[in-house]
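Read through the structure below, which is laid out as structure tokens, and then see the notes.
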Amino acid sequence: MAASSHRIMLGPLVAAIDQGTSSTRFLVFNAKTAELLSHHQVEIKQSFPKEGWVEEDPKEILQSVFECMERTCEKLTQLNIDISNIKAIGVTNQRETTLVWDKETGEPLYNAIDFWLNKNHLKHKTGLPISTYFSAVKLRWLMDNVDEVHEAVVSHRAMFGTVDSWLIWCLTGGKSGGVHCTDVTNASRTMLFNIHTLEWDPELCKYFGIPMEILPRVRSSSEIYGLMVIVTFLWQKSGALSGIPISGCLGDQSAALVGQMCFQDGQAKNTYGTGCFLLRNTGAKPVMSDHGLLTTVAYKLGRDKPACYALEGSVAIAGAVVRWLQDNLGIIGSSEELEKLAASVGTSYGCYFVPAFSGLYAPYWEPSARGIICGLTQFTNKSHVAFAALEAVCFQTREILDAMNQDSGIPLTQLQVDGGMTSNRLLMQLQADILCIPVVKPSMPETTALGAAMAAGAAEGVSVWSLSPEDLSEVTSEKFEPQINPEESEFRYARWKKAVQKSMNWETTEPVGESSIFSSVPLGFYIMGSMLMLIGANYLAGQYTYICTFVCDTLKIIPKLEL
């Protein structure tokens, strides 16, 4: 009683579920100041059953959400903050991870799956390359290879969704009446969604052989989808938040764009995590890239609001290079040690590191590339390699930014950054030096969760968070200005480009026995992509149906193979 009588009244609060590839978090913000009040994080196990393939247990994902909610509410209570002031919950998530579950039993029919193989383009409607990275091919594989999924689809019991759909369905009641929905940002990463009409595309679904009835309803990124219920699932009960609307949903990179308040055409942010994701707001019209980037829906902040689009470039290895130096080579004991090592020499001494451990992503989309460290001399030591590793993150971002500048025709004047690696001040300074523009880091690093909370709090019917520019809280930030001359930056960048070329064409696939050439998924997609390029003239002339038929005939072969 004593604790409750001294509760701190902070006005409306908004919470966010941030479900990522390696962990889940639940965070609570002050809707008036954007201050983070409390949070809790739980790690998620990943399994790697085959090369290039990642799986997670959907039940463990949901369990982690409940645990984070409960622990965060406990922390708020200990701080004498009234939980009843939480007015809305937003969801942000890893975007392409694919799930199928039974709507009658509520049980997942297979693990959540993710692939990391990629090649070439079919972007007219989707803005995306043909790739196992996105959901359509993974869903097709599940339907063809997992009996439980096939049977559930045939008997009209199957539900498909990305992680946001799974969580929203479970948290709003599950098999007892849960809401089956997704938002435009997550839908745009499936290869089944028309980014122009903002609807599931019947032709794409037909070509991939996916029944539209299993797809979630597509909603905006900011509206009330349903109410939290007291859920008894996996022996957990989440009653403290019962009745609170779930009213925001954004894929993680779109959420970071919103959290960074990049609402103007031309503004961009880069998130430094395991990989790097650079998004540039292109306004109300999608811009198709001629330089290896993806076109995606950035956000749609209300049912009656227009959609905004973005160009996106992804770097496969950023923070992962730190883990590699630590776990595989043992030359550092922590990420903090990497910064100290690199700072001790202040140069790579001509050493260049291309961390193409599983190929190169944008703007090359080259699966045959492999990691190299070149330019070594007898003088080179582990400190120079550490410096080269940090430079590699910055050079990869420079390549993405160059592609975006070419596609948009308007050079970026500053880059907003977020993510775990931004705590490395040397990295941020190197990034400014290599880009030759200022790098701006917000003092509050949780921009992904903040974006989901902003969308939830701004939803019609909640309206505790204004997204009007004049009402947005002023976010303090630190700016890193370039400190080297452009000539030196260009020289180092040119040497990096030379190193990238040397990393190409390392991986080749040898035929094994009498296997079909398509028994290698990377090679199969490479050949398919090459053939698509050959018939690209037909594509540009409007022969879309012909190409899609060809692609999907090929895909009918690939999913049935042992990946």
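The values are calculated or read from the model by the stated rules, or taken from the named source; none is laboratory data. Since this is a predicted model, take the numbers as computed values, not measurements. In this analysis, Cβ positions are derived from the backbone assuming ideal geometry, glycine residues included, and neighbour counts consider all displayed protein chains. All accessible areas refer to the heavy atoms of the entire protein, side chains included, with ligands and DNA or RNA removed. Shrake-Rupley method; radii C 1.70, N 1.55, O 1.52, S 1.80 Å.
Okay, here's what the table says:
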| read-out | value |
| --- | --- |
| Some residue of region 363-378 being touching a Ser or Thr at 6+ places or on another chain (Cβ under 7 Å) and crowded, with 20+ Cβ neighbours inside 10 Å | yes |
| Residue within region 436-448 that is crowded, with 23+ Cβ neighbours inside 10 Å, touching a residue at least 40 places away in the same chain (Cβ under 8 Å) and under 22 Å from Ala342 (Cβ atoms) present | yes |
| Scope region 328-372; condition within 20 Å of Ser503 (Cα to Cα) and among the charged types (D, E, K, R); matching residues | Glu366, Arg370 |
| Strands (runs of 3 or more DSSP E) wholly inside region 16-86 that include at least 3 residues being among the polar types (S, T, N, Q) and surrounded by 23 or more Cβ atoms within 10 Å (Cβ to Cβ) | none |
| Among the residues listed as Val54, Val42, Val65, the single one being within 19 Å of the chain's Cα centre (by Cα), more than 17 Å from Leu99 (Cα to Cα) and in contact (Cβ under 8 Å) with a residue 24 or more places away in the chain | Val42 |
| Subset of region 183-204 that is among the polar types (S, T, N, Q) and more than 15 Å from the chain's Cα centre (by Cα) - its residue that is most open to solvent (accessible area, probe 1.4 Å) | Thr197 |
| Evaluation of Ser176 against (1) surrounded by fewer than 22 Cβ atoms within 10 Å (Cβ to Cβ); (2) under 25 Å from Val464 (Cβ atoms) (one fails), failing number | (2) |
| Subset of region 240-291 (residues that are among the β-branched types (Val, Ile, Thr), open to solvent by less than 10 Å² (accessible area, probe 1.4 Å) and modelled with pLDDT under 95) | none |
| All positions within region 138-161 that are assigned to a helix (DSSP H, G or I) and open to solvent by 10 Å² or more (accessible area, probe 1.4 Å) | Arg140, Trp141, Met143, Asp144, Asn145, Asp147, Glu148, His150, Glu151, Val153, Val154 |
| Filter result (open to solvent by 60 Å² or more (accessible area, probe 1.4 Å), more than 30 Å from Asn424 (Cβ to Cβ) and modelled with pLDDT of 90 or more) within region 465-482 | none |
| Meets criteria (within 26 Å of the chain's Cα centre (by Cα), more than 25 Å from Pro438 (Cβ to Cβ) and of a type in the set (Gly, Ala, Ser)) for Ala356 | yes |
| Checking Leu227 against (1) in contact with a strand residue (DSSP E or B) (Cβ under 6 Å, 6 or more places away or on another chain); (2) of a type in the set (A, V, I, L, M, F, W, C); (3) surrounded by 24 or more Cβ atoms within 10 Å (Cβ to Cβ), the condition it does not meet | (3) |
| Residue within region 39-53 that is within 23 Å of Leu467 (Cα to Cα), at pLDDT 90 or above and of a type in the set (A, V, I, L, M) present | no |
| Unmet requirement for Ala432, which otherwise passes all of (1) more than 21 Å from the chain's Cα centre (by Cα); (2) in a loop (DSSP other than H, G, I, E, B); (3) among the hydrophobic types (A, V, I, L, M, F, W, C) | (2) |
| Residues being open to solvent by less than 20 Å² (accessible area, probe 1.4 Å) and either among the charged types (D, E, K, R) or without any contact (Cβ under 8 Å) to a residue 12 or more places away in the chain (or both) - total across region 414-435 | 2 |
| Test for Val229: is it within 29 Å of Val179 (Cβ to Cβ) and either in contact with a Cys (Cβ under 7 Å, 6 or more places away or on another chain) or assigned to a loop (DSSP other than H, G, I, E, B) (or both) | yes |
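The rows are residues; the columns are (1) at pLDDT 95 or above; (2) open to solvent by less than 10 Å² (accessible area, probe 1.4 Å); (3) in a strand (DSSP E or B); (4) hydroxyl-bearing (Ser, Thr, Tyr).
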position: Trp101; (1), (2), (3), (4): no, yes, yes, no
position: Gly106; (1), (2), (3), (4): no, yes, no, no
position: Tyr110; (1), (2), (3), (4): no, no, no, yes
position: Gly127; (1), (2), (3), (4): no, yes, no, no
position: Ser131; (1), (2), (3), (4): no, yes, no, yes
